[in-house]
Amino acid sequence: MTKKAKRAMTGAECSAEAMKQINPDVVAAYPITPQTPVMHTFSQFVADGAVETEFITVESEHSAMSACVGSAAAGARTMTATSANGLALMWEVVYIAASTRLPIVMNVVNRALSGPINIHCDHSDSMGCRDSGWIQLYSENGEEAYENTLMAVRIAEHKDVLLPVMVCQDGFITSHSVETVELLDDESAKAFVKEHEAVDPLLNVENPVTYGPLDLFDYYFEHKMQQVDAMEHSKRVIREIFDEFGTLTGKKYDFFEGEHLEDAERIILCTNSTAGTARVVVEELRAKGEKAGLVKMRVFRPFLNEEVVAKLKNAKAVAVLDRAASFGGYGGPIFMEVRSAFHEEKEKPVMINYIYGLGGREMDTTQIKTIFSELSAAANSAPGDLGSVIRYSGVRE
Amino acid sequence: MAERPKGWREIPIGGKILEAGNSVKYKTGDWRTFRPIHDPEKCINCMICWMMCPDSCILVGGSECPAKGKKGVSDNPKLGNFGGFDLEHCKGCGICAESCPVKAISMKEEKEIKE
């Protein structure tokens, strides 16, 4: 049995601890704001000689991701971390990392994109990367950020995937809050992530290869099709890695993790730290005999339509919570996917989208209770009488 | 260029090129809209076109070049003569025609030639 240690750590420290155990060949990061304590903590490990990583402090986030692309193409196991506007500045190269099929793992501390200027939690940064071709894992707390980071390395580097992976956690709420976490011992973690095997490394002079040539209309579409295919394969690989890692921790990991779904009539689907808040309310309602349930989304890309349908189809009413707005769209990014997944189903629950928590606005148990009571009303509403499908929780009128 | 381009299952992922030096197989001549036409009657074999061509598409012929016997064509096997165009790589920029001092090269639309 794997030894597990209980420690009091912030979410950012958990991510850095995972990076320490992974001991990547190269980490390239921008060293000042909007950087987070993930890199602050990791740079201390570098200074202390706790890792053998080549740590490159670059002059911008654009350069950070560019250095990661070069390093991963060279054949090094490569990681980085960023947040909010830092991720936005990486944008161009984020796409290049995915399309060049480089298995970079990046911790993203979810924070609002300016403007107006804001440094607090929402998911507009990573949700904006939805279509960049990165796999996205979301973490309820520091322990999950740690676990997802270890698993991300294996998922990214799998020969049937070879895609970069973002591991997201909520800014401040998770990244700066101390909680008790259980971590694997170094040996178990290292054995799990295995040695990195580079695919077509640029530094192999015996077999010279070209990265990033001109593609244009004659092959670009074919390379995009390969990315589509890799995402499809990742669905199987992620499940395999979840199961394998579960044998180490004794936990069960899933794309959508349900609680009390066996008879739940009203379900909240959410992600990251809000799942913890919602769970408190679900347990309170359950104690009163109310049939409330929770679905926590761990994986947003790839998105498993069939699984979200299986988890939600028996409910009467579902609230999908989005911590990001898609201006002019029909609801937030998670809602659009979930609602679309049900298109082919004859029987489907009433579905309401709640946009909440933008720019770090509080999402407390009172708001979750309100959502559950609105779900009761929605479940009993006459057809056409539902009212607004897109609602906003926590904004002042 | 003539063979069917490969499908997405048949090519390396990520746009990588795994075979070193395979750019020699990439023919860029089909980018061309205008084709250079050489008039051996006017050509004085000064080779200014060869100097100016940005794509090294002016071929150098020996003394047995197509213009053999014409004015300015050298019989000295050590000297280069105008030897035609590399149409697999010529992109039809027209610099050769523009730089020719005796207007021995003219540009003609590929469409017309095909017709």
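The values are calculated or read from the model by the stated rules, or taken from the named source; none is laboratory data. Nothing here was measured: the structure is a model prediction, and the numbers come from that model. Note that we place each Cβ from the backbone using ideal geometry, even for glycine, and neighbour counts take in every protein chain shown.
Taking the condition of being over 10 Å from A:Val181 (Cβ atoms) and modelled with pLDDT under 95, how many residues in region A:1-23 meet it? Here the count works out to 3.
Yes/no matrix, rows are residues, columns are (1) surrounded by fewer than 22 Cβ atoms within 10 Å (Cβ to Cβ); (2) modelled with pLDDT under 95:
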| position | (1), (2) |
| --- | --- |
| A:Met65 | no, no |
| A:Gly75 | yes, no |
| A:Val94 | no, no |
| A:Gly115 | yes, yes |
| A:His123 | no, no |
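A quick yes/no check of all residues on (1) under 30 Å from A:Lys190 (Cα atoms); (2) outside the structural domain of A:Val320 (by TED's automatic domain parsing); (3) without any contact (Cβ under 8 Å) to a residue 24 or more places away in the chain:
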site: A:Glu265; (1), (2), (3): no, no, no
site: A:Leu269; (1), (2), (3): no, no, no
site: A:Ser273; (1), (2), (3): yes, no, no
site: A:Arg279; (1), (2), (3): no, no, yes
site: A:Glu283; (1), (2), (3): no, no, yes
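Quick grid of which residues meet (1) of a type in the set (D, E, K, R); (2) within 14 Å of chain B (Cβ to nearest Cβ); (3) surrounded by fewer than 19 Cβ atoms within 10 Å (Cβ to Cβ):
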residue: A:Phe217; (1), (2), (3): no, yes, yes
residue: A:Lys235; (1), (2), (3): yes, no, yes
residue: A:Gly250; (1), (2), (3): no, no, yes
residue: A:Tyr253; (1), (2), (3): no, no, no
residue: A:Phe256; (1), (2), (3): no, no, no
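Applying the set (1) at pLDDT 95 or above; (2) in a strand (DSSP E or B); (3) touching an Asp or Glu at 6+ places or on another chain (Cβ under 9 Å); (4) farther than 25 Å from A:Ser124 by Cα to A:Val27 leaves exactly one unmet item: (4). May I ask you to list the residues in region B:33-56 that are of a type in the set (Ser, Thr, Tyr) and either within 12 Å of the chain's Cα centre (by Cα) or part of a strand (DSSP E or B) (or both)? The answer is B:Ser56, and nothing else.
Quick one: would you say A:Ala156 is aliphatic (A, V, I, L, M), away from chain B (no Cβ under 14 Å) and buried (at least 24 other Cβ atoms within 10 Å of the Cβ)? Considered against the rule, which asks whether it is aliphatic (A, V, I, L, M), away from chain B (no Cβ under 14 Å) and buried (at least 24 other Cβ atoms within 10 Å of the Cβ), A:Ala156 comes out as no. Of all residues in region B:4-15, none that is at positive phi and facing another protein chain (nearest Cβ under 8 Å) has its Cβ atom under 6 Å from the Cβ atom of a residue that is of a type in the set (Phe, Trp, Tyr) and part of a loop (DSSP other than H, G, I, E, B), 6 or more apart or on another chain. Within region B:16-32, restricting attention to residues that are under 18 Å from B:Cys96 (Cα atoms) and outside any helix (DSSP H, G or I), the residue that is farthest from the other protein chains (Cβ to nearest Cβ) is B:Arg32. Suppose the filter is polar (S, T, N, Q), surrounded by 18 or more Cβ atoms within 10 Å (Cβ to Cβ) and either farther than 28 Å from A:Leu202 by Cα or assigned by TED's automatic domain parsing to the domain that holds A:Glu143 (or both); does A:Thr57 pass it? No, not satisfied.
Within region A:192-210, if we keep just the residues that are surrounded by 13 or more Cβ atoms within 10 Å (Cβ to Cβ) and either touching an Asp or Glu at 6+ places or on another chain (Cβ under 8 Å) or more than 9 Å from chain B (Cβ to nearest Cβ) (or both), the residue that is farthest from A:Val93 (Cα to Cα) turns out to be A:Phe192.
Within region A:311-329, how many residues are assigned to a loop (DSSP other than H, G, I, E, B) and either modelled with pLDDT under 95 or in contact with a Lys or Arg (Cβ under 8 Å, 6 or more places away or on another chain) (or both)?
Restricting attention to region A:311-329, the residues satisfying the condition of being assigned to a loop (DSSP other than H, G, I, E, B) are A:313-316, A:323-329.
Among the residues that remain, those that are also either modelled with pLDDT under 95 or in contact with a Lys or Arg (Cβ under 8 Å, 6 or more places away or on another chain) (or both) are: A:313, A:315-316.
So the answer is 3.
Residues in region A:219-233 that are facing chain B (nearest Cβ under 10 Å) and not hydrophobic (A, V, I, L, M, F, W, C) were compared, and the one that is farthest from the chain's Cα centre (by Cα) is A:Tyr219.
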